[in-house]
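K.L.:
The structure is given below, and queries will be raised subsequently.
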Amino acid sequence: MRPSSWPRSSARSSRGGLSTACSMASSSATHSPVLSPEMEVKGLKKIVMLAVVLGVVAVLAGCGYGLIGQTSTLPEDIESIFVEPLKNRTTRPQIELTMTRAIINELVTRRRFTIATNREEADAILSGTLTAFTVRPVTFDPQGRAEEWQISIRADMDFTRTDNDELIWEQPLYNFRDNYELELDEATVFDPEDRTIQIVSVDFAQTLVIDLLEGF
């Protein structure tokens, strides 16, 4: 039937349309579809799978687990934190300044804490030490110039209360590694390590803050 026939059929009298609809409803009510054995088995499988998933979620909830990004295991009374300047034990000078700024910026965007300007005003302190930093080229163009760099950072991080020095969260061997592409004009204007540090500091801070908020 052509689509244009539908408007013409709806223009019939309301009585005729009502009787037709009633007869169709009566027909569908008295003639229920018969499911094949295969369809019944598939339906039962879906029900069983749904029950299993719901059961697992209930068990995890009872054990104190939560969905990533939805809950935080940090104490609710921790409202303000002081980010201590990171200590630098790597061979790269001033990398701690870039990393500290990136962590503060990430915490500000999350709006979970108020950033205190000193230890006395904070409920907790986030501190850490950068213990390793390496940059190495991993791919090259036909002229032998590096196109992609791998960044590796290792740090010892901890989060403690200011009132009693209780350790709330720690990552004694926090490792971050990723590859970054660098445009050739950027590599010629900037020191490749300087440029990659600026990029990786943001990703490092995001990953660190997510781990902190989710208690991992």
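K.L.:
Please give the direction-averaged projected area of the C-alpha convex hull for the range 80-214, in square nanometres with one decimal. Mind showing how you got there, number by number?
P.N.:
Working: hull surface 34.6 nm².
Its average projected convex-hull area is 8.6 nm².
K.L.:
What residues qualify as long-range amide H neighbours of Ile168, i.e. H under 5 Å apart, gap of 5 or more or another chain, H built at 1.01 Å from N?
P.N.:
Counting only residues 5 or more places away or on other chains, the set is Phe159, Thr160, Arg161.
K.L.:
If a paramagnetic tag sat 7 Å from the Cα of Ile199 along the Cα-Cβ line, which residues of the range 126-160 would have the backbone N under 16 Å from that point?
P.N.:
Only 134-141, 145-153 fall inside the zone, counting backbone N under 16 Å.
Only the coordinates and a few stated rules stand behind these numbers; no lab work does. Since the model is a prediction, treat every value here as computed from it, not as a measurement. Because the Cβ atoms are built from the backbone with ideal geometry, glycine has one as well, and the counts that use them run over all protein chains shown.
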